[in-house]
Amino acid sequence: MSNIKDITLAKSGHQKIEWVRRNCPLLSMLKEEFEKTKPYEGIRVALSVHLEAKTAYLCQVLKAGGAEVFATGSNPLSTQDDVVAALVESGIEVFAWYDCTEEEYFDNIKAVLEHNCNIIVDDGGDLVHMLHTEMQDKLQYVIGGCEETTTGIIRLKAMAEANQLKFPMVMVNEADCKHFFDNRYGTGQSVFDGINRTTNLIIAGKNVVVAGYGWCGKGVSMRAKGLGAKVIVTEVNPVRAIEAVMDGFEVMPMKEAAKIGDFFITVTGCTDVITEEDFAVMKDGAILSNAGHFDVEVDVAWLRANCVESMEMRKNIMGYKQKDGRWIFVLAEGRLVNLAAGDGHPAEIMDMSFAIQALSVKYLVENKDALTEKLIKVPAEVDQEVALRKLEFLGKNIDTLTQKQRDYLEKSSL
């Protein structure tokens, strides 16, 4: 039985999902196909995802393909209770509610895995981690899984290197149609959607410090520049730092950037990116936010423990008064600002990412007896199919190689 907050909220949840459906032609095409072919017949799918309208539609697409679907959140503050209610009404078992405690969050992870699921769809790695630590008796049922995020893949690679990963995982985040668009354009837009609707402050003319210049950091920096900000990038990778310089951004260590930043956005996937020594030199009124998966990039625990006063200034803005009278503000408790304080990535972007997810699940089911590698790249043909379909929906055509050109390239590659 599902465990959610309030089933009576379902009406607005259905409205949100319907809006997504209208703007996700790839997923809608797959749903129509899967309703006929039933590629997931007899398969139980466990998902730990940000439970909002776009992920809800992915759940419905998997169900349309014959799967039994069991879902929970991947962040206590990104679950939308009305969407969860709508999912339950559509026949999907859900164990999640907004602002659950850490204990409740992991209890919900366990509740999903109790259903002996065959496919794991993870966002950050908590399902996989639970299976390998506290619920190893459920490993026997698992065919494989998919990981959506950079952070989750970092965890998977560490497990694989230590020979701890017990089943194959498709690295969805490394697909071109995922990280080129979702991480860059999706994160770039949704981060400022969350910041702007929460703070109601202008970005233009401000110093925006972006920690990390991977695909997400590139997108955030690009959008900050477009909004009129002066962008400062902090990095630990010298190659990415040079790239940021050549893209027109200032680059410096965080201890220097901390002195001049107005807005701070962490997108590293690492811990302790902004800490005590940085807080000590920040301006009065500095605003901190995180767009990495876990709430470990900004040391909010230090602020809570060492402030002389704390106050909720607006919904999703907590202020921490320092001993010298300065106030430092943290958005969404240091959790994913684009989801905890917004609606996440645009639907058209997630259309591609979740098409990759759905097709990767199909690949796992169809090839379950032939999978030997523990970490699997999204097949190139899946990436190409999604890209070509998306171009078609965008009303665009491209050239194709002639046979002579193919022969030339194949000969040149020898």
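Quick check on the stretch 1-155: take the gyration tensor over C-alpha atoms, sort the square-rooted eigenvalues as a ≥ b ≥ c, and tell me if it's rounded (a/c under 1.5), prolate or oblate.
Here the stretch 1-155 falls in the oblate category.
Taking Cα centroids, how far is the stretch 180-246 from the stretch 265-306 in Å?
16
Whenever you get a sec, compute what percent of the accessible area on the stretch 192-345 sits on carbon and sulfur atoms (1.4 Å probe).
Here it works out to 53 percent.
Hey, what's the stretch 288-414 come to in accessible area per residue, 1.4 Å probe, Å²?
Accessible surface, normalised per residue, equals 56 Å².
Enter the Cα centre distance for the pair the stretch 71-94 and the stretch 3-53, rounded to the nearest angstrom.
Distance between centres, Cα-based: 10 Å.
Could you report the stretch 147-229's accessible area per residue, 1.4 Å probe, as an integer in Å²?
Values: 3100 Å² over 83 residues.
Ligands and nucleic acids excluded, the figure is 37 Å² per residue.
Which order, highest average first, do 23-29, 166-172, 337-343, 349-355 follow once you tally other Cβ atoms within 10 Å for each residue and take the mean per peptide? If you can, show how the numbers build up before the last one.
On the way: 23-29: 20.6, 166-172: 22.6, 337-343: 25.4, 349-355: 27.1.
For the peptides 23-29, 166-172, 337-343, 349-355, the packing ranking is 349-355, 337-343, 166-172, 23-29.
Using only helices, what value at 222 nm comes out for the chain when you add -39,500 (n - 2.57) per DSSP H run of length 4 or more and divide by the total residues, to the nearest 500 deg cm²/dmol?
Counting only the DSSP helices, I get -13000 deg cm²/dmol.
At 1.4 Å probe size, with every protein chain present, just tell me what the per residue accessible area of the stretch 21-92 comes to in Å². Walk me through the intermediate numbers first.
On the way: 2070 Å² over 72 residues.
Ligands and nucleic acids excluded, the figure is 29 Å² per residue.
If r is the Cβ-Cβ distance from K411 to E373 and R0 is 30 Å, what FRET efficiency results, to the nearest 0.05?
Here the calculated transfer efficiency is 0.50.
Set the Förster radius R0 to 25 Å, insert the Cβ-Cβ distance between E256 and D284 as r into 1/(1 + (r/R0)^6), and round the FRET efficiency to 0.05.
It comes to 0.85.
Pop a pseudo-label 7 angstrom from the Cα along the beta-carbon direction at both K157 and D6 and give the gap in nm to one decimal.
4.4
How much length, in nm to one decimal, is gained on full extension between M313 and R22, taken as 0.36 nm per residue of separation minus their Cα-Cα distance?
101.1 nm
Could you order K390, K16, K411, K259 by accessible surface area, starting with the largest, using a probe radius of 1.4 Å?
Numbers: K390 20, K16 75, K411 155, K259 95 Å².
The residues order as K411, K259, K16, K390, largest area first.
The values are calculated or read from the model by the stated rules, or taken from the named source; none is laboratory data. Everything numeric in this text was worked out from a predicted model, so none of it was measured. Cβ sites come from the backbone with ideal geometry, for glycine too, and all protein chains shown count toward neighbours. For accessibility, only protein heavy atoms count, side chains too; no ligands or nucleic acids. Shrake-Rupley method; radii C 1.70, N 1.55, O 1.52, S 1.80 Å.
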